[in-house]
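Below is one structure, written out as structure tokens; the observations come after it.
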Amino acid sequence: MQFDLNALIEDCLSIFRAKAEQQNVELISFIQPQVPRVISGDPTRLRQAMLSLLENALQKTDEGEVLIVVALDDRSTKPRLRIAVQDSGLPMEAAERDALLHSELHSKNFFSATRLNGHLGLVIARQLILLMNGEFGIKSGSHQGSTLWLTLPLDPERLEHPTSDLDGPLKGARVLVVDDNDTCRKVLVQQCSAWGLNVSAVPSGKEALALLRTKAHLRDYFDVVLHQQRAEQDHRAQLRDQAHPRQAGGRLHAQDHVGRRTDPAQQRHAATAPGAARASSCHGAR
């Protein structure tokens with residue numbers, strides 16, 4: 001069955017958006033440009049597995065961020081999809097990790113395994129991934145966070161390869177990204193660079209204004225400024241005034257951490273239209 005992978009990921013993220021905001025956890029996603037938007041597989045099983053991984057990540061993370069990365073697995077000679085969910089909570093203990101990786105739902109002693117307490121959803125997710133001829137793994141950091149990952153086979157004859165570069169008005173455009181979250185900033189830089197844009201990035205409105213003024217003195221202007229929706233309010237009007245003078249009011253675009261990969265065509269339309277537009281790969285609370 002063919003399905004829209006982007007829409008499935010966004011649907012899973014939207015379910016946990018309110019919870020992430022309540023916990024003040026940044027929920028960040030990045031779908032690499034090389035990943036096909038439409039793939040073949042079992043969307044129902046994949047969705048259930050993703051929901052379990054995201055729920056576990058938010059349970060582990062009291063503060064910080066949860067990062068979802070969707071990519072093509074470069075370790076395989078045949079095309080495979082790789083999805084990783086990384087939290088910033090306490091790392092999973094080795095015994096707990098081994099129990100999750102080797103448990104079987106039909107085992108007689110399954111429910112007596114104390115190491116699996118509270119992880120039934122992950123055990124079911126692992127079984128679903130294996131039923132899809134996939135792989136499931138867990139990598140824990142030494143001091144912080146764990147990464148739960150899965151890979152799934154892709155049908156090479158039914159892949160719709162995305163267009164990685166932009167054409168038209170945004171090809172080679174100069175973009176300034178303003179975001180105080182390091183991961184969000186890196187995600188936006190990677191995404192814009194993959195589209196063929198020239199990207200600079202700073203962590204604050206104050207630094208953005210300084211850079212814009214320096215560029216203005218050199219008559220080297222940015223075409224687009226992407227800033228976090230909840231950036232310093234007193235800097236927003238100044239950022240707009242310092243944007244490219246050839247555009248009425250400049251091209252200032254609020255990115256409010258919406259957790260989706262915007263299509264190149266949508267991004268091109270957003271950046272050439274007046275007013276604020278959403279163009280981000282992050283969402284969550286500040």
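Bear in mind that the values in this text are calculations on the coordinates, not laboratory data. Since we're looking at a predicted model, the values are computed, not measured.
Of note:
- Shape category assigned to the range 16-95 from the gyration tensor of Cα positions, a/c cut at 1.5: prolate
- Karplus-derived 3J(HN,Hα), 6.51/-1.76/1.60, for each residue of the range 131-144, Hz, glycine and proline x: 5, 8, 6, x, 10, 9, x, 9, 10, 10, x, 6, 10, 8
- Candidate cross-link partners of K215 among the lysines, defined by an alpha-carbon separation under 30 Å and a same-chain spacing of 8 or more, comprise K171, K186, K206.
- For D73, residues with placed amide H under 5 Å, excluding near neighbours: R80, L81, R82
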